[in-house]
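A.B. asks: Structure provided below as structure tokens; questions to follow.
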Amino acid sequence: MSAREFKLIFTGPMGAGKTTAIRAVSEIEAVATEVANTDRDTCDKESTTVALDYGEITLTGGSRLRLYGTPGQVRFEYMWKILSRGAVGVVILIDGSRPDPAADLELFAGRFAHLLGEARIVVGVGRGDSGNGALAPLYEAAGRLGLSFPIVSADVRRREDVLTLLEILFTQIEVAGLDEVAHGSGG
Ligand SMILES: Nc1nc2c(ncn2[C@@H]2O[C@H](COP(=O)(O)OP(=O)(O)OP(=O)(O)O)[C@@H](O)[C@H]2O)c(=O)[nH]1
Ligand SMILES: [Mg+2]
């Protein structure tokens, strides 16, 4: 049986943890394109991604996931499209402590919605209040776009949490039969 490979994207606003998430799970040394962060008002951290992150992980069933992280800043938006090509899954990471997480989700889900014929979405929310109803505004934001996808709390510094996001996403991809579409039903 030939090894099956799938391309997944991690996206979301600056500082949500895309680079952190890929580092947390990659079984190869993750590739990063970090530069010093000059936008400390938006997000107070040392560095920011300007082109992409890259990592790889093999699932228990043998499927190999190629993980691409986008930059979070809208000025690098041209990379979002380039990185999206051929992706069958999108992980949108949301920082629940930012001023308007629902608006962030609306922006990113809207920008990646064009992939939904051949891809699925999962949303991971960090730093937020994980209490009952805390995710409701995010589900409402998805509803405004006419979209529905799973939204779960996740601390992407924890490998287990990132793996859970990937499992939720990969299950949707399998249920939708996108793994067959991407790789041919005969293979
Ligand atoms: N306290 C807390 N910190 C978190 C959580 N998730 C991520 N972080 C931290 O937030 C920072 C995220 O930084 P990056 O991984 O560079 O974020 P990014 O999304 O790649 O950002 P850009 O590339 O600049 O768009 C890291 O320092 C993480 O350790 C969380 O749930 N709680
Ligand atoms: Mg990054």
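A.B. asks: Just for the range 46-75: of the residues that are within 11 Å of ligand 1 (Cβ to nearest atom) and among the hydroxyl-bearing types (Ser, Thr, Tyr), which one is nearest to Leu169 (Cα to Cα)?
C.D. replies: Checked the range 46-75; the qualifying residue nearest to Leu169 (Cα to Cα) is Thr70.
A.B. asks: Being within 19 Å of Ile57 (Cα to Cα), aliphatic (A, V, I, L, M) and touching a strand residue (DSSP E or B) at 6+ places or on another chain (Cβ under 9 Å) is the requirement here; does Ile173 meet it?
C.D. replies: Considered against the rule, which asks whether it is within 19 Å of Ile57 (Cα to Cα), aliphatic (A, V, I, L, M) and touching a strand residue (DSSP E or B) at 6+ places or on another chain (Cβ under 9 Å), Ile173 comes out as yes.
A.B. asks: Moving on. Name the single residue, out of those in the range 61-84 being in contact (Cβ under 8 Å) with a residue 24 or more places away in the chain and of a type in the set (D, E, K, R), that is farthest from ligand 2 (Cβ to nearest atom).
C.D. replies: The residue in question is Arg64.
A.B. asks: Could you check the range 2-56 for strands (runs of 3 or more DSSP E) lying wholly inside it with 1 or more residues that are within 13 Å of ligand 2 (Cβ to nearest atom) and closer than 18 Å to Arg127 by Cα?
C.D. replies: 5-11
A.B. asks: Kindly provide the set of residues from the range 13-48 that are in contact with a Ser or Thr (Cβ under 8 Å, 6 or more places away or on another chain) and either basic (Lys, Arg) or buried (at least 22 other Cβ atoms within 10 Å of the Cβ) (or both), ordered by number.
C.D. replies: Listed by number, the residues that qualify are Gly15, Lys18, Thr19.
A.B. asks: Check Ser130 against each of (1) among the small types (Gly, Ala, Ser); (2) in contact with a strand residue (DSSP E or B) (Cβ under 6 Å, 6 or more places away or on another chain); (3) surrounded by 17 or more Cβ atoms within 10 Å (Cβ to Cβ) and name the one condition it does not meet.
C.D. replies: Here Ser130 clears every test but (3).
Quick note: the coordinates plus some simple rules give every number you see, no bench work behind them. Computed from a predicted structure; not experimentally measured. Note that we place each Cβ from the backbone using ideal geometry, even for glycine, and neighbour counts take in every protein chain shown.
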